[in-house]
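Visitor: My questions will all concern the structure given below.
The values are calculated or read from the model by the stated rules, or taken from the named source; none is laboratory data. All values reported here derive from a predicted model rather than from experimental measurement. Virtual Cβ from ideal backbone geometry, glycine too; neighbours counted across all protein chains shown. Calculation scope for accessible area: heavy atoms of the full protein, side chains included, ligands and nucleic acids excluded. Shrake-Rupley method; radii C 1.70, N 1.55, O 1.52, S 1.80 Å.
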Amino acid sequence: MNIILLGPPGAGKGTQAQRLVERHGMRQLSTGDMLRAAVRAKTPVGLQAKAVMERGELVSDAIVSAIIGYELDAMGPDAGVIFDGYPRTAAQAEALDALLAERGRKLDHVVELEVDEDALVERITGRFTCASCGKGYHDKFDRPRMPDNCDKCGNSGFKRRPDDNEETVRTRMAEYRGKTEPILPIYNARGIVSRVDGMGDIDQVTAAIEKIVAP
Ligand code: AP5
Ligand code: MG
Ligand code: ZN
């Protein structure tokens, strides 16, 4: 099964993708996570992407689609994939069609997380992740059971993203509205879009997604 999780910054794409990985053994392909890893490793891609990401703008279509192609080849042909944060432009949607067709895969669902933009700033500015395993948390909505240790791996040490400040979040939202939302009609025309209310609590959103992927 191949699924796209679509929604603005802070909609819960990463949170729900991690749950799909745990429940169904699917693979999460987050272009944001992969780009952040490239920035940390100071690879040529990372050096190019760093400033763009800090401004909240989109990295070039060619770079992200190349990363996705590489990752699809690195996994077995039977692994189910969750695309988290990709595609984000019409050019990326077209590239994804080609990447999937070349590998005999097809898109099963596009899950659109519908959220209220005003709530997203609070979600994003309160977000942090485990520095060891990447599990996501939130200051108010999803705290670790022990304040200093990760629920999943037990290690201490959390981190926050440099682009998670209010000003950059506004730019990221504008990029979503201007470039990403306009790709929805492509998938609507294929009848594969399911809308999920992303404003419920995390478990409610998971339950709604389960009804789509495992009815
Ligand atoms: P990316 O990493 O994809 O960021 P984003 O799209 O801005 O989305 P986020 O990761 O901020 O939000 P999310 O929906 O994953 O929310 P989360 O689950 O964490 O991209 C970053 C940058 O990389 C881009 O700006 C761009 O520069 C570049 N990039 C990436 N992909 C690209 C591409 N394809 N093309 C070009 N450039 C690209 O949830 C947020 C918080 O809320 C968490 O703390 C969570 O605990 C909490 N939360 C989640 N759900 C709920 C809920 N239901 N109730 C309460 N709290 C909740
Ligand atoms: Mg994310
Ligand atoms: Zn951890």
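Visitor: In a Gaussian network model over the chain where Cα atoms closer than 10 Å are linked, find which of 103, 170, 19 has the largest mean-square fluctuation.
Guide: 103
Visitor: Along Cα→Cβ, 7 Å out, is where each label goes; now give me the distance between the ones at residue 60 and residue 211 in nm to one decimal.
Guide: Going by the 7 Å Cα→Cβ label model, 4.4 nm.
Visitor: Which of the listed residues, 150, 128, 189, is farthest toward the dipole's positive end in the stretch 112-215, when Lys, Arg count +1 and Asp, Glu count -1 at the beta-carbon?
Guide: Projecting each Cα onto the dipole axis, the largest value belongs to 150.
Visitor: Count the lysine pairs in the chain whose Cα atoms lie under 25 Å apart, taking only pairs 8 or more positions apart in sequence or on different chains.
Guide: 21
Visitor: How far apart, in nm, are the 7 Å Cα→Cβ label points at residue 75 and residue 118?
Guide: 3.8 nm
Visitor: Here's a follow-up. Counting each DSSP H run of 4 or more residues in the chain as -39500 (n - 2.57), what helix-only mean residue ellipticity at 222 nm follows after dividing by all residues, to the nearest 500 deg cm²/dmol?
Guide: Result for the chain: -14000 deg cm²/dmol, rounded to the nearest 500.
Visitor: Can you give the charge dipole size of the chain about its Cα centre, rounded to the nearest 20 debye, using +1 on the beta carbon of Lys and Arg and -1 on the beta carbon of Asp and Glu?
Guide: 520 debye
Visitor: Taking R0 as 35 Å, what's the FRET efficiency between residue 167 and residue 190 from their Cβ-Cβ distance, rounded to 0.05?
Guide: So the FRET efficiency works out to roughly 0.45.
Visitor: Please find, in a Gaussian network model of the chain (springs between Cα atoms separated by less than 10 Å), the residue of 14, 76, 191 whose mean-square fluctuation is greatest.
Guide: In this elastic network of the chain, the residue with the biggest mean-square fluctuation among 14, 76, 191 is 76.
Visitor: Same structure again: Take the chain, connect every pair of alpha-carbon atoms lying under 10 Å apart with a spring to form a Gaussian network, then pick out the residue of 12, 157, 178 with the largest mean-square fluctuation.
Guide: 157
Visitor: Could you compute the FRET efficiency for residue 145 and residue 204, with r as their C-beta to C-beta distance and R0 at 25 Å, rounded to 0.05?
Guide: Efficiency for this residue pair is about 0.75.
Visitor: Solvent-accessible area per residue for the chain at a 1.4 Å probe radius, Å²? Present the calculation step by step, with values, prior to reporting the outcome.
Guide: Details: 10820 Å² over 215 residues.
Counting only protein heavy atoms, the per-residue value for the chain is 50 Å².
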